[in-house]
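Let me begin by presenting the structure, written as C-alpha cells, before commenting on it.
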C-alpha cells in the first residue's frame, strides 16, 4: 500500500469511527438531544408560514428507524432513508477500494446521486406541503390545524 493509500485508509477509519460514535450517541441520548434541539431551533417555514421544510421530521425518522419502524421513518421524512442508502453506497465503494487496494474504484464512483439529493429534498418538501394544504394529509400531524 502506498503512503497515499495508507493516509486515505486512516481517514476512512476515522470517519467511520466518528459516524459510529454519532449513531451510538444518538441511539442512547437522542431523546434528550431532541428535546434540547426543539427548544433551541426555530424553523422559519414552520413557525411563520406553517409549512414543512425539507428537513422537518428527520429526527423522528431516525428515531423510528432505530426502533425498527421503517414505514414510520419513511412517512416522517423519506430523505433520511435515501440519505442512508447513499451513505451505504459510498461506504461500500470505499471499503471495496481499500480491500482491493485500488483507490480508483472509489474515485470512479458517480457523484450524480449526491448532486440529485438536494433537488429530491426540495421536491419532497413541496409535495408534502401540497398534500397538507390542499388535501389535508399531514404525516407529521403538526400543521394541519392551520390549513383546515
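Details
- Between helix 112-135 and the chain: long-axis angle, C-alpha atoms, 0 to 90°, nearest 10: 10
- Going by neighbour counts of Cβ atoms within 10 Å, the residues 8, 15 line up, fewest first, as 15, 8.
- Computing semi-axes √(5λ) of the Cα gyration tensor in Å for the structure here picks out one of (i) 36, 18, 13; (ii) 21, 21, 15; (iii) 96, 17, 11, namely (i).
- For 53, 43, the sequence from fewest to most other C-beta atoms within 10 Å is 43, 53.
- GNM result for the chain, Cα springs below 10 Å: residue of 49, 124, 63 fluctuating most strongly: 49
- Shape analysis of the range 61-148 places it in the oblate category; the axes a ≥ b ≥ c from the Cα gyration tensor give an a/c of at least 1.5, with a/b not above b/c.
- Sorted by Cβ neighbour density within 10 Å, fewest at the top, the residues 121, 87, 144: 87, 144, 121
All of the numbers you see were taken from the coordinates with simple rules; none came from a lab. As the structure is a prediction and not an experimental result, all values here were calculated from the model. Cβ coordinates were reconstructed from backbone atoms using ideal geometry, including for glycine residues, and neighbour counts include every protein chain displayed.
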